[in-house]
1. If you go through the range A:471-494 one residue at a time, how many are surrounded by fewer than 20 Cβ atoms within 10 Å (Cβ to Cβ) and more than 8 Å from every other protein chain (Cβ to nearest Cβ)?
2. Can you name every residue in the range A:259-280 that is assigned to a helix (DSSP H, G or I) and either away from chain B (no Cβ under 14 Å) or more than 16 Å from ligand 3 (Cβ to nearest atom) (or both)?
3. What single numbered condition from (1) out of contact with any His (no Cβ under 6 Å at 6 or more places or on another chain); (2) within 16 Å of ligand 1 (Cβ to nearest atom); (3) away from chain B (no Cβ under 14 Å); (4) open to solvent by less than 30 Å² (accessible area, probe 1.4 Å) fails to hold for A:A709?
4. How many of the residues in the range B:103-121 are facing another protein chain (nearest Cβ under 7 Å) and open to solvent by 30 Å² or more (accessible area, probe 1.4 Å)?
5. Is there any pair linking a residue in the range B:211-240 that is more than 21 Å from A:T359 (Cα to Cα) to one that is in a strand (DSSP E or B) and within 16 Å of ligand 1 (Cβ to nearest atom), with Cβ under 6 Å and at least six apart or on different chains, and which?
6. List, please: which pairs have Cβ atoms under 7 Å, are six or more places apart or on different chains, and start with a residue in the range B:139-160 that is in contact (Cβ under 8 Å) with a residue 24 or more places away in the chain and within 13 Å of chain A (Cβ to nearest Cβ) and end with one that is within 16 Å of ligand 1 (Cβ to nearest atom) and aromatic (F, W, Y)?
7. Of all residues being open to solvent by less than 70 Å² (accessible area, probe 1.4 Å) and not hydrophobic (A, V, I, L, M, F, W, C) in the range A:681-706, which is nearest to A:I117 (Cα to Cα)? Just the residue, please.
8. For the range B:2-17, which residues satisfy the criterion of being within 8 Å of chain A (Cβ to nearest Cβ) and assigned to a helix (DSSP H, G or I)?
Amino acid sequence: MQVRNVWTVRAMVIVAVLFAALMFSPEHDARPTGISSVDSGCSCHSQTPSSEVVASITLANGSALPENYEPGATYALLISFSGGPAEDNNPERVNTGGFNLVASKGTLTPIDNTTQILAGELTHTDAGNDQQAWNANWTAPTSGSAVLRLMTNSVNGDNSASSDDQWNTVSYTVSGAGGEAPTMKANGLTVLFSGILLTAILFAIALTYVFYVRDPESFSWARFKPWITHWLTSTDHKSVGTLYFVSGLFFLGVGGILAMMIRIQLSSPGNDFLTKDEYNSFFTLHGTVMIFLAAMPLINGFANWIVPLQIGAKDLCFPRLNAMSFWLQPVGAILLLSGMFSGMGADVGWTGYQPITSTTDHYGATFWLAGQVLLVASSTLTGINFIVTIATMRAPGMGWMQMPLFTWSILVSVMMLFISIPTFGIGLIEAYLDRTISTTFYNTAAGGDPLLWSHLFWYFGHPEVYVVVVPAFGVISEVIATSARRTIFGYRSMVYALAGIGFVAFIVYGHHMLTSGMSPLLRFVVMLTTMLVAVPTGIKIFNWLKTMHGGSLVYRTHTLWALGFLVTFTLGGISGMFFPAIAMDVHLHETYFVVAHFHYVLVGGTVFGLFAAFYYWYPKITGRMMSERLGILHFLIGFISYNGVFWPMHKLGLLGMTRRHHTYYIRADEYSDIIGTLPPEAAQWNFFITVCAFMFFLSNLIMVYNIIASWLNGRKAPADPWGGWSFEWMVSSPPPTPSFDEIPTLLNANPDHAPGRLTGMLERIMTPDPGDEGEEAGH
Amino acid sequence: MEFGGDIFQDLYIEFMFWSVIVGVITFVWMIHHSFVYRTSDGDLSGKRLHLRTQLDSLRHEMKRAGMDMEFEIEEEEDERAWPNVDNIKVGVFPKENDNLKLELIWTIIPFILICYLCWISWAPTDAIWPSAYELEDAHEVGVTGQQWFWDFDCKGLTSDLCDVGVDSETGLTVLSLKLDETYILNLSSRDVLHAPKIVQYGLTEDAVPGMYTTIVFTPYETGKYFLDCAEYCGDDHAYMTAIIEIHT
Ligand code: HEM
Ligand SMILES: [Cu+2]
Ligand SMILES: [Cu+2]
């Protein structure tokens, strides 16, 4: 009792101190913004508009703007402001102020040297700096209502950003010729995300209906309750794994839909399918969703399902922790995406570079950070769980060097994750505090360092890309060996290569910052270490090829995906060699060459590996065979269209198409003499890419259909349909719970099975001493 | 001039050469093996699979029911169904299949190749960031990024060497520089990260707030060159463009 009281008091003190810290945290104006665009107000002055400044747009003759415009007619506008420091504290009337005018439709044209068009918006020039009124022309569009939005600032003329300068904004709506009233237009983002949600719900209902029709009995509450309770509370590794599959596939779809939107926008230059705001949130969430909510959960699904089976364990070491890791994910996902429903999704790129993440006015970024903190927690717990499970729960006879390669790859992957992800968590929390209580970690005006984030992020971010690709290596090792009916060639060198990748991953992240003002010596070191990654990766590829030698390769769907993986991953690996050569990186940095490269390794590597895994372990997981015919169709369409999407991107990147841009510039019209804009055929290539992207997206629906249809109607699967050797093929399909009635013992076909020195040492550390167990029992 | 500039092009051609060699070796090897070692025997679809399935479930049920009876498909029949070079069996770690010499070959040769590639990329890197004594006659020009435009500062250079204006056709800011002069572009930013990218010359460097970074730029062909922003910086990132005009 006494003890508990002390703890309550302590907890209260801690809470009180935290609360006080929040209250006394520095009041800091963390976001100075510029006269830059509609959303953010006028330069370097205070953040909120001031009512002392009166902004107005009239026709040049002084009369008010018409309510309805003549289509295509040109109107002479008078843009002006009154009040504010320009009149009160600026006797000489120099440098009185400026303005920025945006027309949602129609075109604005300057008529004298006091105004200019900058980035599609009308603003004043240096010559127009000493005025309070400016003239310009607006040509009306042919239809639809147009919004003219003006921001002006009134300054005191001392030529510096002084805080008593003020600004204000005003907007006018001019309806089209038909005089239609301005309609409320729903935000595209909201529509899309609600659409995705609706589709998911409809899909769920349809699926439920299918099951209902097959077996109406099972829909009584008495039978539904245990079912739903099971899925919500189960800690069984197989059930949790299935949950991971469901959520992973769902988010693969969400990320895919986002990618389709991105591709529609880019299908022609200057397209306005998405606004720039929407585009920016879309690629951010595409990246985040694909990596954290699609690839990683799917990998976790396989890790959960297969690793305990492969090492002959009844479950993971900490089953409840495992369930918690999973349930953190949907919560994190909802948080992360919730900004989207407001139309203000995070717009910072999946890398979340600073200081933009701390300062962007899209409040979705706050949710995005918060959601990722939960995902970090989830990954950390998963990491602990798998490391401990693999280290301590292997069946008798399975030393480190007898572990199946998929288990090895998961071990290496979670090791990397566990070591690297905390730094990312720290960065996220810092950024989150910056946004919520105005700390100044990344506020450069207050001495914050934007490069701190780059270091924290990439120390995690580079290992992260291996975290998602290494399990695919494991899958491919299993699939190739089984399909060729051979032992994997060079098991030991495969393990060393994996470990080598795991090590090198931590000393190469500098290659993401080669253009951030790095010291020359460090540049060279990073170039060398980065290229080193090619050695272990090369070993793996050559070993896979050699495994096929002398085998008898049976072409199954998973074999095809594995061979497809070999092609695409090799290409992705080769294009990766271009970046560390710094003289090339300064050209390729942030171009579509990078996009092509990382999709070749992320989609052609991770996702193809996951597809192979789906076809390979599906019979084990569901107890049904998958339709090979649909599988092969999926492979053919998917593989070809995939290459159609990403191969041309290499060329676009080389020509200088920059990534994360919602539009691109073609060398035509007013750009025809500007060297470095894209040649006209780039527009055609982009269109081609979009068409292929849709084919790729749709081809994956074949797999989803196949998964569901085979689950319902597939032939019954035997315990070992492909002829693998590891323990998962020993139990029936699907495996019973607990998976093993008794823990099996791994036999060894190799005559001399003395462990090497290093393995022996590790073995002694990791296996519990019989003496310890005796003590345990004594308690 | 080809895309990326001369330094890029030289290196690119060299890397492409080695890429093609590595690619051809890998793909020829792969295609050869996947045709030569393919087989359709041992295909478990159809009848045999059915047999095995029934056998498996029978075995399982009997075990559940506590009956301890073992039966197997006969060994030689199994052999025919599974061309099993390494005698792979469930629950047995298979006979290792390795060849130290081969593995060393494809460890060491790629290692030598990457050492070579590093070596040839060294000098071009130095050419991009020359050392201070090579830059004695260089002119300094300030380039400051701000959401979402570029601010060029000629720092008192004569208008022949450096001038800032506006392009009449596109409305973009123009920085005019002189052919064959060396410029140090001193980059900084007033708000978030930006990165001027002189596309055709293949030069990019981040503009970081609170810090100076540099691009050394020696224009060697006249013309109007496109400059855009290669570090995501917010809404109008794609509009953050300018023109660098090179005159004689
Ligand atoms: C249907 C397939 C896909 C298509 C068509 C596609 C297309 C694209 C495009 C065009 C971009 C560049 C956007 C820009 O820079 O403006 C992009 C970015 C990205 N994609 Fe994909 N993608 C696909 C699948 C995937 C998958 C499966 C993953 C990961 C497993 C992935 C991960 C990423 C990442 C991390 C980014 C970078 C986002 C950023 O710049 O912040 N993509 N994708
Ligand atoms: Cu990296
Ligand atoms: Cu930018």
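1. Residues flagged as surrounded by fewer than 20 Cβ atoms within 10 Å (Cβ to Cβ) and more than 8 Å from every other protein chain (Cβ to nearest Cβ) within the range A:471-494 amount to 0.
2. A:A259, A:M260, A:M261, A:I262, A:R263, A:I264, A:Q265, A:L266, A:E278 - these are the residues of the range A:259-280 that are assigned to a helix (DSSP H, G or I) and either away from chain B (no Cβ under 14 Å) or more than 16 Å from ligand 3 (Cβ to nearest atom) (or both).
3. Only one criterion in (1) out of contact with any His (no Cβ under 6 Å at 6 or more places or on another chain); (2) within 16 Å of ligand 1 (Cβ to nearest atom); (3) away from chain B (no Cβ under 14 Å); (4) open to solvent by less than 30 Å² (accessible area, probe 1.4 Å) is unmet by A:A709, namely (2).
4. Residues flagged as facing another protein chain (nearest Cβ under 7 Å) and open to solvent by 30 Å² or more (accessible area, probe 1.4 Å) within the range B:103-121 amount to 2.
5. Correct list of pairs: B:D228/A:T658; B:D228/B:K197.
6. B:W148/B:Y239
7. Across the range A:681-706, the extreme among qualifying residues is A:N686.
8. Once the filter is applied, which keeps residues that are within 8 Å of chain A (Cβ to nearest Cβ) and assigned to a helix (DSSP H, G or I), the range B:2-17 yields B:G5, B:I7, B:F8, B:L11, B:Y12, B:F15.
The values are calculated or read from the model by the stated rules, or taken from the named source; none is laboratory data. All values reported here derive from a predicted model rather than from experimental measurement. Positions of Cβ are generated from backbone atoms using ideal geometry, with glycine treated the same way; all protein chains shown enter the neighbour counts. Calculation scope for accessible area: heavy atoms of the full protein, side chains included, ligands and nucleic acids excluded. Shrake-Rupley method; radii C 1.70, N 1.55, O 1.52, S 1.80 Å.
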